Amino acid sequence: MKEKKRVYEALVDGAMDGLVGDALYDFVRKRCPKASSKKIVRASLLALSDPHLKDRNILDVIYALAIKHRLDDTTVDDEQDEEVQEQEKPADTAGQDRLSSSR
């Protein structure tokens, strides 16, 4: 929980300083080097649900960062899933189908 709070604080601090997009992400990574993209997205969601944060611009910046990196994580996960599926495919199932249908 401490790590998520530190990431949350870095997000808010960076957004309040006017950082956006990749600059904000880099700022958070610099302050919290162990924070993964997934942790940053989770901290972003925490910030978005914080009733004390009311500045529309800051919320918009954090929201945009969360969406961008959530989609990036999903794309990477999808690509990894496709690679695993490719590796698990049998070498030649079409040839086996022809053999069984000719019997």
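The values are calculated or read from the model by the stated rules, or taken from the named source; none is laboratory data. What you are looking at is a predicted structure, and each value in this text was computed from that prediction instead of being measured. With ideal geometry, Cβ positions are generated from the backbone for all residues, glycine too; neighbour counts draw on all protein chains shown. When the accessible area is computed, the model is the full protein with side chains, heavy atoms only, and any ligands, DNA or RNA have been set aside. Shrake-Rupley method; radii C 1.70, N 1.55, O 1.52, S 1.80 Å.
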Residues of the stretch 65-75 being open to solvent by 90 Å² or more (accessible area, probe 1.4 Å) and either not in a helix (DSSP H, G or I) or not basic (Lys, Arg) (or both), in sequence order, are LEU71
Filter the stretch 1-35 down to the residues that are open to solvent by less than 80 Å² (accessible area, probe 1.4 Å) and either under 14 Å from LYS68 (Cα atoms) or of a type in the set (Val, Ile, Thr) (or both) and list them by number. VAL7, VAL12, GLY21, ALA23, LEU24, TYR25, VAL28
For the stretch 26-41, pairs from a residue that is free of Cβ contacts under 8 Å to residues at least 60 places away in the same chain to a residue that is among the charged types (D, E, K, R) and open to solvent by 50 Å² or more (accessible area, probe 1.4 Å), with Cβ under 6 Å and 6 or more apart or across chains, are CYS32/ARG6; VAL41/ARG70
From LYS89, LYS54, grab the single residue that is farther than 15 Å from VAL7 by Cα, loosely packed, with under 11 Cβ neighbours inside 10 Å and either modelled with pLDDT of 90 or more or in contact with a Cys (Cβ under 6 Å, 6 or more places away or on another chain) (or both). LYS54
Picked from the stretch 36-51 (must be open to solvent by 20 Å² or more (accessible area, probe 1.4 Å) and aliphatic (A, V, I, L, M)), the residue farthest from ALA64 (Cα to Cα) is LEU46
